[in-house]
There are 2 protein chains.
Amino acid sequence: MFEAAEVGHRLSKDEWDAQIPELRRKLLEAEYRLVEDPRAAVAVVVAGVDGAGKGDSINQLHAWMDTRHLRTHGLGLPTEEERRYPPMWRFWRRLPPRGQIGVFMGSWYTAPIIDRVFGRTDAAELDRQLDRIRRFERMLAHERVVLLKLWFHLSKEDQETRLKKLEGSKRTAWRVSKRDWEHFELYDTFKEVSAHALRRTSIDVAPWVIVPGAEPRYRQAMVGEALLGALERASRSPEPASAPAPIPTPSALDERTVLSALDLSQSLSKKKYARSLEELQGRLNRLTRKKRFRKKHSLVVVFEGMDASGKGGAIRRVTSALDARQYVVTPIAAPTDEEQAQPYLWRFWRMIPRHGKVAIFDRSWYGRVLVERVEGFASEAAWKRAYAEINDFEEELVEAGAVLVKLWLQIDPEEQLARFRERQAKPFKRYKITDEDWRNRDKWSAYARAASEMVERTSTEIAPWTLVPANDKRFARVAVLRAIDDALQAALE
Amino acid sequence: MFEAAEVGHRLSKDEWDAQIPELRRKLLEAEYRLVEDPRAAVAVVVAGVDGAGKGDSINQLHAWMDTRHLRTHGLGLPTEEERRYPPMWRFWRRLPPRGQIGVFMGSWYTAPIIDRVFGRTDAAELDRQLDRIRRFERMLAHERVVLLKLWFHLSKEDQETRLKKLEGSKRTAWRVSKRDWEHFELYDTFKEVSAHALRRTSIDVAPWVIVPGAEPRYRQAMVGEALLGALERASRSPEPASAPAPIPTPSALDERTVLSALDLSQSLSKKKYARSLEELQGRLNRLTRKKRFRKKHSLVVVFEGMDASGKGGAIRRVTSALDARQYVVTPIAAPTDEEQAQPYLWRFWRMIPRHGKVAIFDRSWYGRVLVERVEGFASEAAWKRAYAEINDFEEELVEAGAVLVKLWLQIDPEEQLARFRERQAKPFKRYKITDEDWRNRDKWSAYARAASEMVERTSTEIAPWTLVPANDKRFARVAVLRAIDDALQAALE
């Protein structure tokens with residue numbers, strides 16, 4: 001893997017002087033082209049051997065580029081705050097939007113490699129993490145993030161020479177600590193683990209580029225050339241490679257679906273409702289105040305359902321049991337400009353709660369396989385790959401301690417019509433009904449088909465859907481609270 | 001995951017009679033379209049719960065289709081013979097060619113799921129296996145194999161009812177063994193592991209289809225519809241989804257590569273050569289006769305290099321140390337028709353040796369990133385994804401005990417010219433030189449670039465390249481033998 005970086009690449013001063021002005025001109029031009037026509041984002045991952053010139057190279061890049069559109073994130077160990085979120089959260093929130101360049105020093109590769117070098121994980125666990133990274137990066141590529149991954153390499157001999165040279169001079173001896181030599185002792189292990197990691201994560205849309213770190217001019221020119229290639233790819237009218245078309249999946253042959261199979265006639269008397277509501281809200285309140293919840297868990301509740309299925313009312317019954325400082329309710333409508341410049345899941349990652357907090361989504365990331373599918377806002381290829389992307393996303397949440405409750409509120413078309421009419425009749429509710437609601441109603445069966453396929457493909461063993469019969473609002477609200485309480489209790493036990 | 005299959009789907013006799021003749025007609029039509037215009041192969045994976053009707057469904061399919069183009073492989077545990085090959089070998093050799101349908105009862109999913117259910121693997125190992133399957137299936141999709149994955153489901157209650165019913169009748173009681181009830185006890189574990197496996201391997205190009213197994217008519221109609229969809233996809237002018245374009249990687253900025261850095265002036269005297277040759281051949285012979293080699297290992301040697309770099313001569317020095325019954329030398333030229341109807345790597349999988357055997361490749365699967373890249377026979381997307389596919393392939397070989405030695409024989413253009421001239425001068429060697437050789441020579445630098453990128457991307461910690469200075473034939477032959485001997489010895493120690 002690293003042989004090619006050890007053949008003594010170098011650039012003479014003359015060659016440097018001859019090539020670099022042209023390279024810099026092209027880099028700036030490419031950067032402005034990207035900014036003016038932001039087709040994609042460019043994310044640069046910088047990793048490799050200590051002392052191979054990572055920092056110097058980035059500083060040089062900052063000198064070459066217009067830094068208004070280039071941002072470097074130096075990420076060390078996660079902070080106290082970041083540890084309360086899923087591990088990928090801190091990278092997601094720093095993803096560059098389209099038209100910008102983001103440089104990651106310290107990336108999603110750091111922990112998997114270091115943990116393995118120090119024996120904190122075994123080979124299988126490392127592979128699991130690397131495969132997840134592969135999926136993550138493929139998803140980014142689909143979402144128009146051009147990934148440039150630079151691995152700075154230094155041979156063991158060069159590394160040793162460098163440390164001795166630094167130690168030998170009074171001016172620089174302080175830069176070499178006992179720890180540097182301890183790390184040097186681990187060189188071979190580090191190299192072996194890195195080679196494995198690079199091999200497993202070098203894919204067509206995100207190959208590693210090995211940068212020989214020993215000679216500064218060659219190293220810097222190569223970094224510049226590599227960035228230029230990525231910038232050009234990001235701006236070029238994307239002549240996409242052709243991927244295999246998604247496979248068609250048969251729809252149900254009868255009218256029965258998990259949704260139509262629900263018994264919508266179930267209802268609750270006022271009296272029973274009042275009693276259950278009080279009991280369940282009390283339980284929810286106690287559960288979310290438990291120390292274990294505050295330290296290790298968060299609660300993410302997703303509400304989906306047809307228009308007028310009672311999501312808002314149910315959400316209010318949940319939030320009234322919670323401390324106002326503890327929760328955020330996010331209604332999902334059209335994305336903002338900022339959100340539109342990012343990969344699809346970015347807007348949801350930014351709303352993921354930390355430990356001890358509650359995030360309630362009134363509609364959610366499932367929009368991609370519901371409204372975006374039915375209305376044609378997403379291509380078939382995009383919504384078909386979304387099932388797997390969503391399952392990966394939810395796995396990351398759950399592994400980080402999130403209790404994820406996904407609720408589908410099911411009503412029938414007659415009940416919807418009655419509710420629409422009621423809304424139009426009552427002046428203070430009229431704002432809740434628009435022409436769009438009537439249009440969506442015409443597509444009832446398309447939405448029903450999308451919803452039942454959604455349940456089929458994303459009701460997983462780690463994040464199952466709870467299907468709530470919602471023709472009777474009281475019945476639905478109690479069922480919603482019970483589902484949340486039960487899930488929380490199961491996680492806290 | 002399985003909720004949708006438990007809502008009591010059924011088809012009445014009347015509905016069956018109304019729908020099935022049309023479905024059968026369409027299936028046959030689609031099959032013939034595929035046969036006449038073989039754009040893709042269709043591979044059907046059949047898996048799921050015992051007693052959910054897998055066998056019955058396949059039998060029915062055989063009654064519906066023209067079985068000249070449909071072949072079902074009932075694969076149980078690997079045979080004694082199959083255990084001597086990498087685990088995926090038995091599936092590769094049964095892949096349907098384009099224009100045909102292959103049904104796998106017992107597939108690459110069986111062992112990962114069963115091993116986990118019986119606790120022989122842990123969660124991380126299962127995920128590693130599933131991720132590998134994901135990559136395998138994505139590769140198949142790229143190589144025009146349409147994958148239909150059917151999971152036959154039966155609820156726990158239905159499963160119990162079925163077993164009791166069989167036991168209750170004298171005529172069928174023999175069909176229920178103690179083992180069936182033991183398996184039934186594992187139902188919940190099996191379901192949990194399966195749900196996880198299905199979630200991890202449901203991707204856009206190979207999603208799972210859950211078939212409700214309880215009611216035979218519905219089940220059968222659904223299998224038919226699903227197959228029809230796959231057949232239509234296979235025949236349809238593939239309107240491919242757009243994939244992200246591959247990322248450009250910078251080429252070397254100076255003329256130095258791992259290949260140019262070799263010292264080609266190294267040579268060996270006749271006397272030293274004779275002594276080394278004898279010693280190394282003897283060692284090779286002893287190593288390949290060791291019991292440990294015969295039981296647990298195989299030897300795969302790949303020779304690559306420019307024309308006239310001395311591959312043939314070196315190969316003869318290797319084979320003359322081996323038992324003629326033990327090795328096969330395969331020269332790789334243009335693929336046969338049969339090979340062309342299969343995924344790229346198929347022709348190499350069929351030549352993989354079993355334990356105790358030696359396979360020598362005179363040129364190899366690296367053709368895709370060498371000649372096919374340079375001559376434009378493979379698209380940029382295809383050869384760029386090949387690096388990762390090849391690394392995966394080699395990982396499977398090595399994990400199954402293969403000692404993989406990859407040799408690049410390096411000569412310089414002057415030496416090549418001298419050898420070409422020599423060949424033309426000697427009548428008995430003239431057949432070895434063609435116009436094509438002269439044409440390739442014009443592309444020397446393109447080949448050199450492709451070769452050094454190949455080394456960079458596929459010299460992995462499990463299967464490194466050995467670069468052999470080959471201007472001096474004696475030096476090269478000894479280096480080749482030494483590399484093979486050393487690799488064998490390391491594996492056998």
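The values are calculated or read from the model by the stated rules, or taken from the named source; none is laboratory data. Since the model is a prediction, treat every value here as computed from it, not as a measurement. Neighbour counts run over all protein chains shown; Cβ positions are idealised from the backbone, glycine included.
See the values below:
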{"quantity": "Within the stretch B:382-395, considering residues that are of a type in the set (A, V, I, L, M, F, W, C) and either more than 7 Å from chain A (Cβ to nearest Cβ) or within 10 Å of the chain's Cα centre (by Cα) (or both), the one surrounded by the most Cβ atoms within 10 Å (Cβ to Cβ)", "calculated": "B:A386"}
{"quantity": "Helices (runs of 4 or more DSSP H) (entirely within the stretch A:277-365) containing at least 3 residues that are among the aromatic types (F, W, Y)", "calculated": "A:346-349"}
{"quantity": "Unique match (being crowded, with 23+ Cβ neighbours inside 10 Å and facing another protein chain (nearest Cβ under 7 Å)) among B:R219, B:R199", "calculated": "B:R199"}
{"quantity": "Near pairs, Cβ below 6 angstrom, 6+ apart or cross-chain, from the stretch B:262-289 (farther than 18 Å from B:V468 by Cβ) to any residue that is among the small types (G, A, S)", "calculated": "B:N285/B:A321"}
{"quantity": "Filtered residues of the stretch B:228-255 (kept if more than 9 Å from chain A (Cβ to nearest Cβ) and surrounded by 24 or more Cβ atoms within 10 Å (Cβ to Cβ))", "calculated": "B:L231, B:A234"}
{"quantity": "Any chance A:I113 is over 19 Å from the mean Cα position of the chain (by Cα), within 14 Å of chain B (Cβ to nearest Cβ) and either closer than 27 Å to A:P244 by Cβ or in contact (Cβ under 8 Å) with a residue 60 or more places away in the chain (or both)", "calculated": "yes"}
{"quantity": "Test: residue in the stretch A:79-86 that is over 20 Å from A:V193 (Cα atoms), surrounded by fewer than 16 Cβ atoms within 10 Å (Cβ to Cβ) and either touching a residue at least 60 places away in the same chain (Cβ under 8 Å) or within 14 Å of another protein chain (Cβ to nearest Cβ) (or both)", "calculated": "yes"}
{"quantity": "Check on B:G53, surrounded by fewer than 16 Cβ atoms within 10 Å (Cβ to Cβ), more than 12 Å from chain A (Cβ to nearest Cβ) and within 28 Å of B:G106 (Cβ to Cβ)", "calculated": "no"}
{"quantity": "Any chance B:E125 is more than 21 Å from B:L231 (Cβ to Cβ) and touching a helix residue (DSSP H, G or I) at 6+ places or on another chain (Cβ under 9 Å)", "calculated": "yes"}
{"quantity": "Pair list, Cβ under 8 Å, 6 or more apart: the stretch A:479-490 residue under 15 Å from A:P464 (Cα atoms) and surrounded by 22 or more Cβ atoms within 10 Å (Cβ to Cβ), other residue modelled with pLDDT of 95 or more and of a type in the set (G, A, S)", "calculated": "A:V480/A:A314"}
{"quantity": "Odd one out for B:S309, checked against (1) within 27 Å of B:E396 (Cα to Cα); (2) touching a Lys or Arg at 6+ places or on another chain (Cβ under 9 Å)", "calculated": "(1)"}
{"quantity": "Spans of helices (runs of 4 or more DSSP H) in the stretch B:378-493 with at least 2 residues more than 30 Å from A:H196 (Cα to Cα)", "calculated": "B:413-425, B:435-442, B:473-492"}
{"quantity": "Residue among B:L23, B:L11 that alone is crowded, with 21+ Cβ neighbours inside 10 Å, within 11 Å of another protein chain (Cβ to nearest Cβ) and at pLDDT 90 or above", "calculated": "B:L11"}
{"quantity": "Some residue of the stretch B:155-170 being within 13 Å of chain A (Cβ to nearest Cβ) and surrounded by fewer than 16 Cβ atoms within 10 Å (Cβ to Cβ)", "calculated": "no"}
{"quantity": "Residue in the stretch B:200-212 that is touching a Gly at 6+ places or on another chain (Cβ under 8 Å) and in the same structural domain as B:E29 (by TED's automatic domain parsing) present", "calculated": "yes"}
{"quantity": "Among the residues listed as A:V398, A:V369, A:V374, the single one being within 13 Å of chain B (Cβ to nearest Cβ) and either farther than 30 Å from A:R83 by Cβ or of a type in the set (D, E, K, R) (or both)", "calculated": "A:V369"}
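One line per residue, one yes/no per condition, for (1) modelled with pLDDT of 90 or more; (2) in contact with a helix residue (DSSP H, G or I) (Cβ under 9 Å, 6 or more places away or on another chain); (3) more than 30 Å from B:M88 (Cβ to Cβ); (4) loosely packed, with under 14 Cβ neighbours inside 10 Å:
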position	(1), (2), (3), (4)
B:V405	yes, yes, no, no
B:Q410	yes, yes, yes, no
B:Q416	yes, yes, yes, no
B:R421	no, no, yes, yes
B:Q424	no, yes, yes, yes
B:D435	no, no, yes, yes
B:R439	no, no, yes, yes
B:K443	no, yes, yes, no
